[in-house]
Amino acid sequence: MGSGSSTVCAINLNTVLTPEQQALYQDSDCIRDILARARNIAIVGLSSDRQKASYFVATYLKREGYRIIPVNPRGGTILGETVYPDLKSIPEKIDLVDVFRPAAELPDIVEQAIAIGAKAIWTQLRIIDFEAAEAARAAGLSVVMDKCVKMEHGRFNGSLHWAGMNTEIITARRANHSLPG
């Protein structure tokens with residue numbers, strides 16, 4: 001960083017995708033649209049362990065006004081919500097499927113997301129499967145890959161820069177309050 005820079009980290013350092021892949025799977029307009037339109041978010045791989053990233057992200061999303069629906073074959077409840085064993089078992093409409101599972105499981109998760117009529121699929125950092133992503137896109141789903149939904153929400157609602165992140169968004173306006181929360 002140059003002298004006079006006060007940011008700790010640039011948000012684009014968090015991806016392993018090439019610039020061409022970023023254009024397909026990390027488009028800012030697509031991300032902003034998903035975050036603004038989604039209400040029900042199925043979190044596949046949500047753990048009840050408070051130290052896991054999935055729990056932290058789910059807690060944040062719930063606090064920001066999204067309805068989170070845990071998906072984990074262990075069942076039970078997480079964050080006061082009924083846990084479903086898979087996407088097909090969820091009795092309500094899902095806007096976004098957020099994935100915290102290994103990339104090898106993405107083909108099955110995408111197949112289920114398509115079957116239930118989800119509008120978008122989002123894979124967290126380092127969860128990458130281009131064939132599964134293309135299958136989702138071919139079925140009409142919006143796809144975000146190798147991004148953290150919590151970080152992106154913070155980026156677009158104006159709070160991520162508070163932690164010293166370079167959000168790559170320059171504005172004199174206050175936080176975007178059109179997102180839930």
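The values are calculated or read from the model by the stated rules, or taken from the named source; none is laboratory data. Note that the coordinates shown come from a computational prediction; the quantities given were computed from them, not determined experimentally. No Cβ is skipped: glycine too gets one built from the backbone with ideal geometry, and neighbour counts run over all protein chains shown.
Checking each residue in segment 85-103 for being outside any helix (DSSP H, G or I), touching a residue at least 24 places away in the same chain (Cβ under 8 Å) and either more than 13 Å from the chain's Cα centre (by Cα) or farther than 21 Å from residue 150 by Cβ (or both) picks out 86, 90, 92, 93, 94, 102. Going through 48, 54, 89 one at a time, which residue ends up being at pLDDT 95 or above and touching a Leu at 6+ places or on another chain (Cβ under 6 Å)? Answer to the check: 54. List pairs: first in segment 125-154 and in contact (Cβ under 8 Å) with a residue 40 or more places away in the chain and over 22 Å from residue 64 (Cα atoms), second among the small types (Gly, Ala, Ser) and assigned to a helix (DSSP H, G or I), Cβ under 9 Å, 6+ apart or cross-chain? Note: pairs meeting the criteria are 126/103; 128/103.
Screening segment 72-90 for residues that are touching a helix residue (DSSP H, G or I) at 6+ places or on another chain (Cβ under 7 Å) and under 14 Å from residue 101 (Cβ atoms) and picking the one that is surrounded by the most Cβ atoms within 10 Å (Cβ to Cβ) gives 87.
Checking each residue in segment 105-149 for being touching a Cys at 6+ places or on another chain (Cβ under 9 Å) and more than 17 Å from residue 54 (Cα to Cα) picks out 120, 142, 143.
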